[in-house]
Each structure stands twice: as C-alpha cells, then as structure tokens.
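Everything below concerns the one structure shown next.
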Amino acid sequence: MIVTVTLNPSLDRTIEVDVLTRGEMIRARSARLDPGGKGVNVSRALLAGHVTSTAVVTVGGPEGDQLRRLLAAEGLAVRAVPVAGRTRSNVTIAEPGGVVTKLNEPGGRLSDAELAEVAEAVAAESAAASWVAGCGSLPPGVPDGIYAELCRRVAAAGIRVAIDSSGPALLAALPARPDLVKPNREELAEAVGRPVDRLADVVEAAHELRARGARGVLVSLGADGALLVDDDGVIAGDAPVERPRSTVGAGDALLAGFLAAGARGPRALAAALAWGAAAVRLPASRMPRHSDIRHDIVRIRSRPDLDKPLVT
Ligand SMILES: Nc1ncnc2c1ncn2[C@@H]1O[C@H](COP(=O)(O)OP(=O)(O)OP(=O)(O)O)[C@@H](O)[C@H]1O
Ligand SMILES: O=P(O)(O)OC[C@@]1(O)O[C@H](CO)[C@@H](O)[C@@H]1O
C-alpha cells in the first residue's frame with residue numbers, strides 16, 4: 001500500500017492543436033480534463049497497475065469539488081483535506097509528435113492549520129503503508145522544509161519515503177534522508193547548480209544528492225530513459241517510443257512503476273521504464289493499464305556509456 005501526498009493538485013485541461021502559434025486564434029482538435037498533480041498521478045498509475053494506494057490531496061473551491069468528482073469517477077482511494085484556497089487549473093497545449101507546452105498556476109495559499117490537517121491525514125492513512133510519496137510543487141504559504149518534515153515523520157513511523165519535487169523544496173528535503181528522490185534532468189541540474197549534458201554528469205550529480213542525504217536517486221531523462229543510483233551502484237536504461245503522444249505525467253508513471261516493482265535494482269528500473277514509456281504513448285496524462293505496458297522494449301545497462309550526450 002502506497003500513500004501519495006499532493007499539496008498542489010490540479011485540474012489538468014489538455015488541448016490538442018495542429019500547431020501552436022503565439023498571438024493567434026487557434027482552433028483545437030480536441031480537449032480533455034483529467035485530475036492532476038504529481039502525487040495524484042502516481043496514485044492513478046498505481047490504481048491502473050492494481051497496486052493499492054491512497055492519495056492525500058488538498059481540495060478547495062468549485063475546482064476542488066470537480067477534482068474530487070473526477071477522482072471518484074476513476075475509483076481512486078482519496079483522503080481529501082478541504083482548504084480555503086481554490087484548487088488550481090493547469091493547461092497543456094499538445095502538438096503532434098508529443099510536443100507539449102504547459103501552463104501551471106501557482107495554486108491557492110495553504111495556512112499552517114491546513115498543513116497540520118494534511119499531516120494528520122498522512123499519519124492516519126499511512127498506518128499500513130510501505131511507502132509515502134510526497135510529490136509536486138508547493139503552493140504559496142508552504143515552507144520549503146515541508147517535505148523534510150514529511151520525511152522525518154514518515155521515517156519515524158518506519159515507512160519509506162520518496163520525494164518528487166524541485167528547487168528549494170527538493171534541496172531542503174535532502175538532509176532529512178529520503179529513501180528516494182526522483183528529479184528529472186532539469187531539476188537535477190538546478191539542484192547541483194550546473195548543466196547536466198552527458199550521462200557522466202547525471203551520475204556525478206546523483207552522487208552529489210546522495211552525499212547531501214538522499215539514499216536513492218532515480219533520475220528521469222525523457223527520451224534518454226532513466227538512471228538509478230543507490231547503495232547497489234549505478235544502472236541506466238531506456239525504452240524507445242516511436243510515436244510519443246504526451247509526456248505529461250510520464251515521470252509520475254515512472255515513479256509509480258518503480259515503487260510498484262519493489263524500488264530496488266534492475267527489475268524495478270525496468271518496470272519504471274516500461275510504465276513511463278507506456279504513459280508517453282497515451283494522450284494527456286492518461287495512466288497506463290497492464291495492457292498498455294510493454295516490457296520487451298526496455299533496455300537495462302549496468303555499464304552505461306557515460307560519455308553519451310543526452311538528447312532530451
Ligand atoms: N520521448 C520519450 N520516449 C520514450 N520514453 C520517454 C519519452 N519521454 C519520457 N519518457 C519516459 O518517461 C519518463 C519520464 O519522463 P521525464 O523525464 O520527461 O519526466 P518528468 O519531467 O518528471 O515528467 P512529468 O513531470 O510530466 O511527470 C522517462 O524517464 C522515460 O522513461
Ligand atoms: O506544478 P507541479 O506541481 O510541479 O506539476 C504539476 C503537474 O504539471 O504535474 C503533473 C504531471 O507530472 C500534472 O498533472 C500537473 O499539471
């Protein structure tokens with residue numbers, strides 16, 4: 001059983017267009033609305049993969065009510081914490097070939113009292129959990145140290161913790177020794193303050209995050225696949241997708257696949273890559289079901305070519 005925590009969930013509207021031209025009126029090909037936010041997506045992917053999960057989310061305003069309805073329609077187990085600020089709406093413009101432009105709102109402000117209610121909800125829901133995953137950006141009013149606090153509380157209860165965030169929230173979480181962090185290439189580069197252009201740079205930066213406290217580092221690298229650095233060493237892999245449809249939520253599917261497969265070693269990395277690739281072949285942030293996942297396309301390398309320049 002895996003608990004996810006999303007402090008800044010969203011309604012994700014995806015609009016498919018032939019081409020995005022700034023300053024013009026564009027007629028869309030299609031539009032769809034999904035429940036969103038990184039932890040929400042991890043729980044949706046776990047549900048699709050038949051892994052028990054509960055999503056702890058803040059919900060506010062009419063958008064929050066709609067988020068609850070969308071999650072209920074998907075059959076997700078949700079612990080909704082009502083808050084005064086309204087749930088944000090994020091927009092994705094998707095062009096053919098998987099090119100996406102995202103517009104993410106900052107989200108409604110959370111008060112200290114609301115954060116205390118989230119902490120209570122996490123404690124209540126995680127009694128039987130093997131992992132708690134804190135995912136996504138922090139809305140206004142939330143201190144950068146919130147994920148560090150989550151790590152300490154969850155670890156004290158003997159439960160493992162994964163953090164998928166960026167910027168100061170990710171940096172502040174490291175000394176609290178998360179069992180896993182899942183930066184993408186950009187987030188990793190920001191965390192170490194230098195560009196990450198080759199696999200060797202990724203390895204070096206991941207080691208740096210470990211030196212600062214993270215026990216395991218799973219770096220998602222878009223079309224370049226993913227790289228795992230933990231106590232067992234370094235492994236990398238990829239799973240090519242010929243016709244990407246939407247990369248939105250692929251990182252969340254990757255993390256879900258990794259946790260679902262035991263979060264260690266080549267087997268977990270291979271599952272992560274298969275789930276991530278399956279998400280990329282689906283529209284918007286649709287999460288893959290068993291029938292969408294292809295394990296035969298995954299290539300795992302225990303001795304990756306470190307000089308290889310990254311393409312995405
Ligand atoms: N073009 C692609 N081809 C094949 N696999 C891809 C592609 N893009 C993404 N993936 C898979 O999805 C995983 C996650 O992608 P990415 O690194 O873009 O995550 P992310 O930035 O965290 O995404 P998000 O925040 O939208 O969930 C990659 O590690 C890879 O396994
Ligand atoms: O603004 P954040 O919290 O960094 O990311 C939010 C978000 O872009 O992440 C998910 C995809 O990973 C989407 O469902 C959602 O819109």
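The values are calculated or read from the model by the stated rules, or taken from the named source; none is laboratory data. Here the structure is a predicted model, which means the values were calculated and not measured. Virtual Cβ from ideal backbone geometry, glycine too; neighbours counted across all protein chains shown. Each accessible area value is taken on the protein alone, full model and side chains, heavy atoms only, with ligands, DNA and RNA left out. Shrake-Rupley method; radii C 1.70, N 1.55, O 1.52, S 1.80 Å.
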Sum of side-chain charges, P175 neighbourhood, beta-carbon under 13 Å (Lys, Arg +1; Asp, Glu -1): +3
Go through M287, M1, M25 and list them by solvent-accessible area, largest first, probe radius 1.4 Å. M25, M1, M287
Treating the beta-carbon of each Lys and Arg as +1 and of each Asp and Glu as -1, no other charges, what is the dipole magnitude of the chain about its Cα centre, to the nearest 20 debye? 520
Suppose each label sits 7 Å from its Cα in the direction of the beta carbon; what would the R243-R109 distance come out to in nanometres? 4.8
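Relative contact order (percent) for region 75-144, with alpha-carbon contacts under 8 angstrom and 6 or more residues of separation? Show your work: numbers first, answer last.
Values: 60 pairs, mean separation 22.7, N = 70.
Reported as a whole number, the value is 32 percent.
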Could you tell me the accessible area of R86 in Å² (1.4 Å probe, neighbours in place), rounded to the nearest ten? 110
Scan around V78 for amide H atoms under 5 Å from its own, H built in the peptide plane at 1.01 Å from N, and keep only partners 5 or more places away or cross-chain. A55
Distant alpha-carbon pairs in the chain (separation over 36 angstrom), percent: 11
Which value at 222 nm does the chain reach when only helices count, each DSSP H run of 4 or more adding -39,500 (n - 2.57), with the total divided by all residues and rounded to the nearest 500 deg cm²/dmol? -10500 deg cm²/dmol
Give a quick list of GluC sites (Glu not before Pro) in region 164-273 that DSSP marks as loop, anything other than H, G, I, E or B, with at most 15 other Cβ atoms within 10 Å. E242
Rg/Rh for region 161-242: what does it come to with C-alpha atoms and Rh from Kirkwood? 0.94
Label point distance in nm, A155-H50, each placed 7 Å from Cα along Cα→Cβ: 3.5
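Carbon and sulfur: what percent of the chain's accessible surface (1.4 Å probe)?
Working: 6920 of 13580 Å².
Looking at the chain in its full context, I get 51 percent from C and S.
Could you provide, to the nearest whole Å², the per residue accessible area of the chain with probe 1.4 Å? Display every interim value, and only then the final one.
Working: 13580 Å² over 312 residues.
I get 44 Å² per residue for the chain.
Just to be sure I understand: if I project the alpha-carbon convex hull of region 58-182 onto a plane and average over all orientations, what area do I get in nm²? Before the final figure, lay out each step's value.
Details: hull surface 35.0 nm².
Spelled out: convex hull of the Cα atoms, projected over all directions, averaged, 8.8 nm².
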Can you pull the accessible area of I297 for me, 1.4 Å probe, Å² to the nearest 10? 30
Equivalent ellipsoid dimensions for region 93-163 as semi-axes, Å, which come from the Cα gyration tensor, largest first: 28, 18, 10
Distance between modelled label sites at R212 and R32, nm, 7 Å Cα→Cβ extension: 3.6
